[in-house]
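The structure appears right after this line, and notes come after that.
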Amino acid sequence: MAAIQSLSVNRNLSAQVHLPRLLNKVGATDFKALMQDNFDAVVLTMSNALRKGPSDGLLRPVLENLPDLPLYVLGLGMQTMLNGLDDLDDDMAAVVRLLQEKATFIGVRGHDTKRWLHENGITKAEAIGCPSMFVYPLNIAHIKPSVAPRKFMTSGYIGRNFLEHRDNRMGVLFDAFQDRECSYVFQMDLNKLESLKGRVGLYNEATNELDVEAMQMAIHEETGLSAPFTRYYSFNEVSAWRQAAAHHDVFIGDRIHGAVAAMQAGTPALVLYADARVRELTSYHGIPACSVAEFGKLGVDAAVEQYLNAEALQKFQARYQETLQKYRKVLKQNGLNLANGNEVSVALEYLKAIS
């Protein structure tokens, strides 16, 4: 979605399409003709597709049957650190080779992914970061330290398995936000709370909020812990997420998309990492970050003081100037323009002025 927002295209003649479904629906011959007759280019947003274990195998036939159109890849990254292409299943290894053959360029999330792809012969890979970081550049450029923050927002992984494994990720958040005013944003982890399924009146669609009492009971049933959160959100679309984040002082959590949504609204964010994917993203963009374990030792106040002070955010702004310039430059070199190009220019002028 971020890539669609950020690129300058003819909106009336463009489409957001699930290409594997389209291929299965019309067949290979009609798929090629349909794509050739109706589109000038294809943009693939791939997220953390590079991972060990089986893939869904859906993208390989799409690439094998794609006509000779300019192909752009954005957001590709590793979920975990990999060795060779043999770490991927056969379908995903074939996808990577096909991208090298067919793509105009392959935009990846960070330097680790670029290095790994180049080492394995995929030389079209270029580190340009996550497109979501460049959709609202003025808001991100103007992020300021929060003095004595009172209202926090967080997002994590609620579920029994995340208390037993992965550095007790949720346990750290539960402990840190005791006696704090903190909102919790559910993503896919809401589906893990079995006792909530089919419950009437749980979700307020107008406010995107979940009933606090019901959530506290369900979380206690699932985890055995008393959750400290004062409000629970589940968003159907990102603009509502940004609007809610704008009314909080700070985001602290281990879901990168929660942090990016907050930053898009101008709210400072501290990302807690527990895997290579999140660490690569925060490292590339210079987003304030620390490990879940370190945050557990520091606590909220010390973490905010250390990672979200004026000096830390100045370093982030300096890095943001570099990544924003590169994102615009690489896309332009490959024939793509930004829909928010004027805003990007103003943001870069502001960042240069304060550097």
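The values are calculated or read from the model by the stated rules, or taken from the named source; none is laboratory data. Worth saying up front: this structure is predicted, and the values here are computed from it rather than measured. Every residue, glycine as well, gets a Cβ built from its backbone with ideal geometry; the counts of neighbours run over all protein chains shown. These area figures cover heavy atoms from the full protein model, side chains too; ligands, DNA and RNA do not enter into them. Shrake-Rupley method; radii C 1.70, N 1.55, O 1.52, S 1.80 Å.
Listing for the model above:
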quantity	calculated
Derived scalar couplings ³J(HN,Hα) [the range 205-221; Karplus, 6.51 cos²θ - 1.76 cosθ + 1.60; whole Hz; x for Gly, Pro]	5, 5, 10, 6, 10, 9, 4, 5, 4, 5, 5, 4, 5, 5, 5, 5, 5
Cleavage-rule hits (GluC sites (Glu not before Pro)) in the range 172-264: DSSP loop, at most 12 neighbouring Cβ within 10 angstrom	E205, E237
Highest-fluctuation residue, A259, A206, A218 considered, GNM on the chain with Cα pairs under 10 Å	A206
Square roots of five times the Cα gyration tensor eigenvalues for the chain, Å	35, 25, 20
Residue-count net charge about S345 - beta-carbon cut-off 15 Å; Lys, Arg +1, Asp, Glu -1	+3
Pairwise centroid distance, computed over Cα atoms, of the range 177-254 with the range 309-355, Å	33 Å
Gaussian network model of the chain, springs between alpha carbon atoms under 10 Å - residue of M133, M263, M35 with greatest fluctuation	M35
Max mean-square fluctuation residue, GNM over the chain, Cα-Cα springs under 10 Å, options S14, S146, S47	S14
5 angstrom amide H check on S14, placed H, neighbours 5+ away	none
Rounded accessible area of F174 (nearest 10 Å², 1.4 Å probe)	10 Å²
Computed magnitude of the charge dipole of the chain (debye, nearest 20; Cβ of K, R +1, Cβ of D, E -1)	780 debye
Separation in nanometres of the label points that stand 7 Å from Cα toward Cβ, at M188 and H257	0.9 nm
In Hz, Karplus ³J(HN,Hα) per residue of the range 295-307 (6.51, -1.76, 1.60; θ = phi - 60°; x = Gly, Pro)	4, x, 6, 6, x, 4, 4, 5, 5, 4, 5, 7, 10
For R150, net neighbour charge (Lys/Arg +1, Asp/Glu -1) across residues whose Cβ lies under 11 Å away	0
Accessible area of the range 74-220 belonging to carbon and sulfur atoms, whole % at 1.4 Å probe	47 percent
Charge tally in the Cβ shell below 12 Å around Q325, where Lys, Arg are +1 and Asp, Glu are -1, Q325 excluded	+4
Prolate/oblate/rounded label for the range 257-304 (Cα gyration tensor, a/c 1.5)	oblate
Of all accessible heavy-atom area on the range 230-355, the percent that carbon and sulfur account for (1.4 Å)	46 percent
Extension gain from L13 to S291, taking 0.36 nm per residue of separation minus the Cα-Cα distance	95.6 nm
Rounded to the nearest 10 Å², the accessible area of H142 at probe 1.4 Å	80 Å²
Phi to ³J(HN,Hα) by Karplus 6.51 cos²θ - 1.76 cosθ + 1.60 over the range 337-343, Hz, x for Gly, Pro	10, 8, 5, 9, x, 5, 5
Accessible area (Å², 1.4 Å probe, nearest 10) - F295	0 Å²
